[in-house]
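Heads up: the structure comes next, in structure tokens.
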Amino acid sequence: MSQKIVLMSSPEYFKVEYAINPWMVPGTNVDLELAKNQWNGLKRTIEEAGAEVKVVPPNENHPDLVFTANSGIIKGNDVLIANFKFEERRGEEEIYLKWFEENEYNVSRIPSDYKFEGRGDAFVYGDYLVGSYGVRSDKEALLYIAEHFELEPVIVELAQEKFYHLDTCFQHFSNGHAIFYPEAFKDNSLSAFSELFELIPVSESDANELACNAVVIEDTVIFPSENIDVIKAVENLGLTSKVANVSEFLKSGGACQCLVIALN
Ligand code: ARG
């Protein structure tokens, strides 16, 4: 398989100046030097795991642009750009659209009344569109995307504002296993996903560390903190675990996976 490529955006203008999820307290002091070091640490860990990192330039007016996971959904060379739920992030759509166009993707939009927040809430998995709706993204958006990309939708409803994107409460690995936080889903057993993944529940304490917001590069899983119990279980599956502490970004409700989108 060709080398994995991911997209990130550097945190020069990262801050918490508005609140669009329960993790965000406007005016919270972000230690920008620490945030930059943590971001570089994550980037380095991803590169050491064997992936190439491309970077979207930061933008002064868009502190949440660092969370590239929300840029859209990618299938091969085709991209559907996000329709952000909150006005605060809508300006990012043009920035991502331009980046994907300049990098020779076929870029399209979904109908503007369907809210959709990219890899935050959905990803392509073989012939399936795996996704969640109910907090940030709309069910109609996921159904539209599934039809556009000719995928079978496997979608579930989220239950809590705190776990507002699928990637805050679910992650799957290269070996078909996946971790999830049961309370984050309307159906606590996540039975809709059980055909596709071997599901491993995480504790509330792990969920609050955003354990499921781990980056997966082949057989390496990069977790956002050492204080995560499920790391042991993941190692016992034969996977390699790494930690890239991104505590400054948790102040905005995001961790490792939110800061990254896989381009292939
Ligand atoms: N502050 C950002 C927001 O609330 C964080 C986004 C995190 N991204 C993610 N893929 N979960 O929109």
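Among the numbered conditions (1) out of contact with any strand residue (DSSP E or B) (no Cβ under 8 Å at 6 or more places or on another chain); (2) buried (at least 20 other Cβ atoms within 10 Å of the Cβ), the only one that GLY118 does not meet is (1).
Considering each of SER174, SER137 in turn, give the residue that is closer than 21 Å to LEU97 by Cα and either hydroxyl-bearing (Ser, Thr, Tyr) or touching a Cys at 6+ places or on another chain (Cβ under 6 Å) (or both). Write out each step before concluding.
Numbers: SER174 fails: closer than 21 Å to LEU97 by Cα.
Matching residue, one of SER174, SER137: SER137.
Of all residues in region 226-241, exactly one satisfies the criterion of being within 26 Å of GLU33 (Cβ to Cβ) and crowded, with 19+ Cβ neighbours inside 10 Å, namely ILE228.
Restricting attention to region 82-126 and to residues that are in a helix (DSSP H, G or I) and basic (Lys, Arg), the residue that is farthest from the ligand (Cβ to nearest atom) turns out to be LYS98. When region 3-46 is filtered for residues that are surrounded by fewer than 16 Cβ atoms within 10 Å (Cβ to Cβ), aliphatic (A, V, I, L, M) and part of a loop (DSSP other than H, G, I, E, B), only VAL25 remains. Here ALA184 fulfils each of the conditions (1) without any contact (Cβ under 8 Å) to a residue 40 or more places away in the chain; (2) away from the ligand (no atom under 16 Å from the Cβ) apart from (2). Just the residues that are within 16 Å of the ligand (Cβ to nearest atom) and outside any helix (DSSP H, G or I), please, taken from region 47-71. Across region 47-71, the qualifying residues are VAL56, PRO58, ASN59, ASN61, HIS62, PHE67. Given GLY27, GLY91, GLY50, which one is free of Cβ contacts under 8 Å to residues at least 12 places away in the same chain and not aliphatic (A, V, I, L, M)? Going through GLY27, GLY91, GLY50 in turn, the sole match is GLY27.
Where a number appears in this text, it was derived from the coordinates with a stated rule and is not lab data. What you see is a predicted model; the values in this text were computed from it and never measured. We place every Cβ from the backbone using ideal geometry, glycine too, and count neighbours over all the protein chains shown.
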